[in-house]
Structure formats: C-alpha cells, structure tokens
1. Which one of these does L209 not meet: (1) surrounded by fewer than 20 Cβ atoms within 10 Å (Cβ to Cβ); (2) part of a helix (DSSP H, G or I)?
2. Within the range 110-118, does at least one residue satisfy the condition of being among the charged types (D, E, K, R), closer than 30 Å to V197 by Cα and at pLDDT 90 or above?
3. For T189, are the conditions met, namely being over 18 Å from the mean Cα position of the chain (by Cα), of a type in the set (S, T, N, Q) and either at pLDDT 90 or above or assigned to a loop (DSSP other than H, G, I, E, B) (or both)?
4. Just to be sure, is Q71 open to solvent by 60 Å² or more (accessible area, probe 1.4 Å), closer than 23 Å to M222 by Cβ, without any contact (Cβ under 8 Å) to a residue 24 or more places away in the chain and not acidic (D, E)?
5. Looking at the range 102-111, can you tell me whether even one residue there is among the β-branched types (V, I, T), open to solvent by 50 Å² or more (accessible area, probe 1.4 Å), part of a helix (DSSP H, G or I) and under 30 Å from V67 (Cα atoms)?
6. Name the single residue, out of those in the range 21-68 being of a type in the set (V, I, T) and under 17 Å from V110 (Cα atoms), that is least open to solvent (accessible area, probe 1.4 Å).
Amino acid sequence: MNLLLSIDVVAKKGILLVGQVSLLAIKGFVGIFIPPFNLKLVLREIDNFGAGSLLLVDLIALFTGMVMALQTIYGLRMYGAEIYVGSVVSLTLVRELGPVMASIMVGARVGSGIAAEIGAMQVTEQIDAMRALGASPIKKLVSPKILAGMITLPLLTVTADIVGIFGGMVIALFELEIDRTFYIDSVLTTITISDLVSGIGKTVIFGMLVAVIGCYFGLRTMGGTTGVGRSTTNTVVTVSILILISDFFLTKLFLIMF
C-alpha cells in the first residue's frame with residue numbers, strides 16, 4: 001500500500017514537472033519573436049554556450065573517437081574487415097555519439113551555470129524587482145538562453161563530429177597503417193545528408209532542453225545558497241536524463257522520416 005502511494009506521488013510530481021517545464025518552454029520560445037529584441041543578450045549567451053564549451057566538447061570528442069577506433073579495429077579484425085573502421089566510427093559519431101555527448105557536456109556545464117545565475121537572482125529578489133518594474137523575466141532571461149542554445153549546440157556538434165572522426169583517423173593510421181585518403185573517402189561515402197540532418201537536428205531540441213531546464217530550476221530556487229546548490233544539481237541530473245530519453249524518440253522519428 002505504501003509502495004503504491006509512493007509511486008502515485010512520484011507520478012504526480014513527474015506530470016507536474018513536465019507540464020511546468022513545457023509551459024516555460026512555450027513562453028520562452030514565443031518570447032524570441034516578441035519585440036523588443038536585445039541582440040547583446042543573445043550574443044552574450046551564445047558566447048557562454050559556445051566559446052566556453054568548445055575546448056571541453058572537442059577534447060572529449062577527440063578521445064572518444066580514438067577509443068571508438070581502437071575498439072572497432074579489435075572487433076572488426078575477427079572478420080578481416082578492420083579497413084572499414086572509418087565508416088563505423090564516422091557513422092556512430094555523426095548519428096548518435098557526437099550529438100548526445102556534446103549535449104550532455106554542455107548541459108552539465110552551461111545548464112548548471114544558468115540555474116546558479118537565475119537561482120542567485122531569485123533568492124536575492126532581483127527577479128521580483130524585475131517584475132515590479134514591468135519587465136518580463138521570461139523575455140529577458142529565458143528567451144535569449146533558448147535561442148542561444150538552439151543556435152550554438154548544433155555548431156558545437158559539428159566540431160565534435162569532425163574532431164572525433166579525426167581522432168579515429170589518427171588511431172587507424174598508426175594501428176592499421178592505412179592511407180589517409182582511403183580513410184577520408186570511406187567516411188565521405190558512408191555519411192549521407194540524412195545522417196547529418198538526423199544528428200544535428202536533434203541538438204536543436206537538446207539546446208532548448210538545456211536552457212529551459214536550467215531556467216526552470218533557477219526560477220524555482222528557494223532557501224538561499226543551499227537552494228542554489230540544490231538547483232544546479234537537479235539541473236545536471238534532469239538535463240542528462242531528458243537528453244537520453246528524448247534522443248531515443250527523436251532517433252525513432254528521424255528513422256521514420258528518412
């Protein structure tokens with residue numbers, strides 16, 4: 001009986017969370033198209049999303065590509081097909097690993113920062129003061145972050161794909177001593193437009209998720225500095241889970257479309 005009651009409470013909280021986040025996402029997205037338009041705010045958020053995350057994302061992508069190439073060579077060698085390492089590594093990175101890996105890294109870094117920034121404003125009553133002056137916190141805080149995430153995360157994913165494929169090429173050259181031109185040709189002949197659209201298209205949604213979840217927990221911060229810490233932790237966990245869940249459904253959608 002207690003177990004059923006606990007499940008019921010968790011389910012209600014989950015449904016409430018989805019509804020509140022969806023409402024915030026709709027309001028924030030609509031706010032992008034409502035004047036006045038503050039380009040400086042958007043550019044600042046793009047710099048925060050992109051420039052601050054570029055080195056982290058590319059470094060992880062490089063070693064991910066190298067590890068993938070090592071494991072792929074080991075697996076394909078049993079069938080005498082190790083020369084196709086470029087095709088396997090590039091397809092996996094472009095369709096799945098690149099978008100998901102970049103989004104989770106940016107979600108952990110930027111999402112927690114957004115939650116901390118807005119959470120600090122919430123506990124110091126700056127957001128209440130903003131409302132008292134007639135300004136919209138969603139228009140000023142949420143909408144620029146959503147737009148920046150939707151623009152920047154696809155670009156970060158492209159760089160992660162390129163760096164990851166390069167990492168795979170380095171390992172293939174040293175382990176198999178295959179020609180660099182053959183590796184590049186195998187990559188170019190394997191990857192299609194639908195693969196690129198599928199991988200990069202997901203990150204538009206992931207970028208919106210990172211921004212919205214960070215803003216949501218930031219706006220709901222209570223309890224001073226302890227509450228700010230709690231909001232950042234909740235943001236990282238929630239963003240990571242939602243990216244993996246939404247990746248499954250988006251993958252199914254793109255497979256049907258293409």
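The values are calculated or read from the model by the stated rules, or taken from the named source; none is laboratory data. Everything numeric here is computed off the predicted structure, so don't read it as measured data. Every residue, glycine as well, gets a Cβ built from its backbone with ideal geometry; the counts of neighbours run over all protein chains shown. The accessibility values were calculated without ligands, DNA or RNA, using every heavy atom of the protein model including side chains. Shrake-Rupley method; radii C 1.70, N 1.55, O 1.52, S 1.80 Å.
1. The single condition L209 does not satisfy is (1).
2. Of the residues in the range 110-118, the ones among the charged types (D, E, K, R) are 117.
From the residues that got through so far, the ones that are closer than 30 Å to V197 by Cα too are none.
There is no residue in the range 110-118 that is among the charged types (D, E, K, R), closer than 30 Å to V197 by Cα and at pLDDT 90 or above.
3. On the way: over 18 Å from the mean Cα position of the chain (by Cα): yes; of a type in the set (S, T, N, Q): yes; either at pLDDT 90 or above or assigned to a loop (DSSP other than H, G, I, E, B) (or both): yes.
The answer is yes for T189.
4. Values: open to solvent by 60 Å² or more (accessible area, probe 1.4 Å): yes; closer than 23 Å to M222 by Cβ: no; without any contact (Cβ under 8 Å) to a residue 24 or more places away in the chain: yes; not acidic (D, E): yes.
In short, no.
5. Of the residues in the range 102-111, the ones among the β-branched types (V, I, T) are 104, 106, 110.
Filter once more, so that each one left must be open to solvent by 50 Å² or more (accessible area, probe 1.4 Å): none.
Scanning the range 102-111 turns up no residue that is among the β-branched types (V, I, T), open to solvent by 50 Å² or more (accessible area, probe 1.4 Å), part of a helix (DSSP H, G or I) and under 30 Å from V67 (Cα atoms).
6. Of the range 21-68, the ones of a type in the set (V, I, T) are 21, 26, 30, 32, 34, 42, 46, 57, 60, 64, 67.
Those left that are additionally under 17 Å from V110 (Cα atoms): 42, 46, 57, 60.
Numbers: V42: 22, I46: 49, V57: 2, I60: 51 Å².
Selected residue: V57.
Yes/no matrix, rows are residues, columns are (1) open to solvent by 40 Å² or more (accessible area, probe 1.4 Å); (2) modelled with pLDDT under 90; (3) over 14 Å from the mean Cα position of the chain (by Cα):
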site	(1), (2), (3)
L91	yes, no, yes
P99	no, no, no
V123	yes, yes, yes
I127	no, yes, yes
